[in-house]
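Data first, discussion second: the structure below is written as structure tokens.
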Amino acid sequence: MKLTLVVATDKNFGIGLNGDMLFYISDDLKKFKALTMNNIVIMGRRTFEALPNSKELPNRTNIVLTRNKLDLKEGIAVSSIDELKNKLEEINPNKEKEEFLIGGGNLVNTLWNYIDKAIITIADKEYKEVDTHIPNLLEDKNFEIVSESEEFFDNKNQLKYKFYEFKRRV
């Protein structure tokens, strides 16, 4: 199992507060949609519940890792990492679709060793109220930067941000 992590973080790699993202940048959301469309998205229960109307993301295979019973219309609920691996092998045996891990923080930390690539939007801002972090990829010796965008400015949130792509070192 080789996963691609896709998240938006503040400068300290904070990703959330009270089950929600710290900020919403329109260009980041468009990039997320373009990347994940027609692929597989893997998330924890709280991330699923934070989606609009707690509904699966359209035109993607949604997999939720949870110990709780979930009523998914089209998505798949799994209760363990082994069940997740088996389900991915069943639905994506030839790895034709990319397998994206989209949160939350607990699941990212649990599946950290399976993350092969990371596409991260990093805001140049430190949020004071954050309850969910991921490891700092800029300081992780197991990852290297493959690409870094120019700096952009989001008027709505009044913050600067960049898109990064990281790859796990071999």
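Give me 78, 41 sorted ascending by neighbouring Cβ count inside 10 Å, so fewest comes first.
Values: 78 17, 41 26.
Lowest count first: 78, 41.
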Quick calc, the chain, dipole around Cα centre from Cβ unit charges on Lys, Arg (+) and Asp, Glu (-), nearest 20 debye, gives 240 debye
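Out of the trypsin sites (Lys or Arg not before Pro) in the range 114-170, which ones are loop residues according to DSSP with at most 10 other C-beta atoms within 10 Å? Numbers along the way, then the final one.
On the way: sites: 117, 125, 128, 141, 156, 160, 162, 167, 168, 169; in loops: 125, 128, 141, 156, 169.
Answer by residue number: 128, 141, 156, 169.
Given a cut-off of under 8 Å on Cα pairs at least six residues apart, what relative contact order in percent is computed for the range 4-126? The partial results should precede the final answer.
Values: 177 pairs, mean separation 51.0, N = 123.
Relative contact order, the range 4-126: 41 percent.
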With the charge dipole of the range 3-168 built from beta-carbon charges (+1 for Lys and Arg, -1 for Asp and Glu) about the Cα centre, the Cα from 118, 15, 86 projecting farthest to the positive end belongs to 86
Rounded to the nearest 10, the angle in degrees between the Cα long axis of helix 81-91 and the longest principal axis of the Cα atoms of the chain comes to 80 degrees
The helix 26-36 Cα axis meets the longest alpha-carbon principal axis of the chain at an angle in degrees, between 0 and 90 and rounded to 10, of 30 degrees
The range 2-153: antiparallel bridges as % of DSSP beta bridges, rounded to 5, reads 15 percent
Low-density loop trypsin sites (Lys or Arg not before Pro), the range 1-37, at most 14 other Cβ within 10 Å, DSSP non-H/G/I/E/B, are 2
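I'd like the Kirkwood hydrodynamic radius of the range 1-86, using the inverse of the mean 1/r over distinct C-alpha pairs, in Å. Each step should come with its number before you reach the end.
Working: mean 1/r = 0.0717 Å⁻¹.
Computed over Cα pairs of the range 1-86, the Kirkwood hydrodynamic radius comes out at 14.0 Å.
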At R0 = 30 Å the Cβ-Cβ FRET efficiency linking residue 133 and residue 54, nearest 0.05, sits at 0.80
With T = 4 °C, eta = 1.567 mPa s and Kirkwood Rh from C-alpha pairs, the Stokes-Einstein D of the chain in µm²/s is about 79 µm²/s
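Loop only per DSSP, at most 13 neighbouring Cβ atoms within 10 Å: give me the chymotrypsin sites (Phe, Trp or Tyr not before Pro) in the range 12-81, ordered by residue number. Show your work: numbers first, answer last.
Numbers: sites: 13, 23, 24, 32, 48; in loops: 13, 23, 24.
Those satisfying the criteria are 24.
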Cα-based Rg then Dmax for the range 76-152, in Å, read 15.1, 43
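Here, each number is a calculation from the coordinates, and none is a lab measurement. Since the structure is predicted, the reported quantities are computational estimates derived from the model, not experimental observations. Cβ: placed from backbone, ideal geometry, glycine included. Neighbour counts: every protein chain shown.
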